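Structure first, then comments.
Since every read-out is calculated from the coordinates, none of them should be taken as a lab result. For clarity, every value in this text was computed on a predicted model and none was experimentally measured. Backbone-built Cβ (ideal geometry, glycine too); neighbour counts: all protein chains shown.
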Amino acid sequence: MWRRVASFSPFISSTKSSILSQLVPTMKIWESFTTEAPIPVNHGISSKDSTPFITFVLGGPGSGKGTQCAKIVDTYGFKHLSAGDLLRREIARNSEYGSTILDTIKEGRIVPSEVTVRLIRREMELSDNHKFLIDGFPRSEENRISFERIIGAEPNIVLFFDCPEEEMVKRVLNRNQGRVDDNIDTIKKRLKVFEALNLPVVNHYAKKGKLHKIWAVGAEDEIFEQVRPAFAGCEVISES
Ligand SMILES: Nc1ncnc2c1ncn2[C@@H]1O[C@H](COP(=O)(O)OP(=O)(O)OP(=O)(O)O)[C@@H](O)[C@H]1O
Ligand SMILES: O=c1ccn([C@@H]2O[C@H](COP(=O)(O)O)[C@@H](O)[C@H]2O)c(=O)[nH]1
Ligand SMILES: [Mg+2]
């Protein structure tokens with residue numbers, strides 16, 4: 001059943017246009033990152049034996065995407081690619097643009113699409129698996145369009161974990177994984193960005209009949225029971 005995406009948030013006061021203007025750092029900062037090894041347009045990943053089977057996993061901060069992805073990996077054998085983890089890895093390995101990515105994450109903004117898609121594409125190319133769970137991406141229409149242009153593929157399935165804001169805030173503040181963005185100031189910013197930009201992506205895939213909306217409140221196993229039907233056509237590798 002469809003539920004209304006959380007709105008009238010106590011944290012969300014800015015208009016969409018003011019959010020949009022704050023989202024990405026000036027492109028100049030990223031110019032050399034994205035041009036030093038250009039991503040061929042329409043490159044695709046056609047060198048792999050199998051056509052990729054792509055699942056996008058959407059939902060607000062703390063909605064439980066990572067938690068449910070672990071179950072999907074165990075049960076259906078997907079390769080989990082968390083866009084946030086790939087960006088955090090760039091920070092951890094002190095890559096040339098790690099500090100700019102760090103600043104963007106601290107501000108709860110969105111890293112330019114070409115940077116993120118390039119990281120995702122690299123992981124897809126390196127993987128022997130052809131079933132991918134892309135977690136926390138695309139966060140905006142611009143992200144979505146960039147992925148489809150650069151990878152040359154659309155997702156087969158899109159999961160959307162729908163969770164009330166109060167619950168998301170509570171979970172993120174209790175997460176205790178030492179993430180630089182798990183603090184109330186950054187959470188407010190992340191929620192504003194999510195509210196402003198997520199819905200068009202969700203609507204796009206709903207119109208295409210690819211969206212599986214999941215009520216993300218309750219026990220983790222109960223939530224996974226709502227996830228299973230989305231993968232009805234996939235082989236079960238382990239009953240969990
Ligand atoms: N159904 C649930 N009920 C209560 N807590 C949960 C549930 N699912 C996950 N959690 C907890 O909430 C926190 C956030 O979960 P998780 O990291 O999976 O969210 P996420 O959507 O990946 O967040 P982010 O977008 O910030 O990466 C974790 O501490 C996790 O253990
Ligand atoms: O596609 C993406 C994914 C993530 N980010 C940035 O990383 C943080 C954390 O992401 P999580 O999915 O919660 O791990 C997010 O707030 C963004 O700042 C991004 O820019 N693009
Ligand atoms: Mg996560």
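Calculated FRET efficiency, Ala232 to Glu125, Cβ-Cβ distance, R0 = 41 Å: about 0.90 to the nearest 0.05. Here the dipole of segment 122-196 is about 240 debye; that uses its Cα centre as origin and unit charges on the Cβ of Lys and Arg (positive) and Asp and Glu (negative).
Each of the peptides 129-135, 173-179 was scored by the mean count of other Cβ atoms within 10 Å over its residues; in descending order, highest first, they stand as 129-135, 173-179. Considering only alpha-carbon pairs that sit under 8 angstrom and 6 or more positions apart, the relative contact order computed for segment 66-205 is 29 percent. Residue ranges 228-237, 107-116 sort as 107-116, 228-237 when ordered by packing (mean number of other C-beta atoms within 10 Å per residue, highest first).
Projecting the Cα atoms of Ile91, Asn129, Leu173 onto the charge dipole of segment 54-213, computed from C-beta unit charges around the Cα centre, puts Asn129 farthest toward the positive end.
Between Val217 and Lys170, the modelled labels are 0.9 nm apart [label points 7 Å from Cα along Cα→Cβ].
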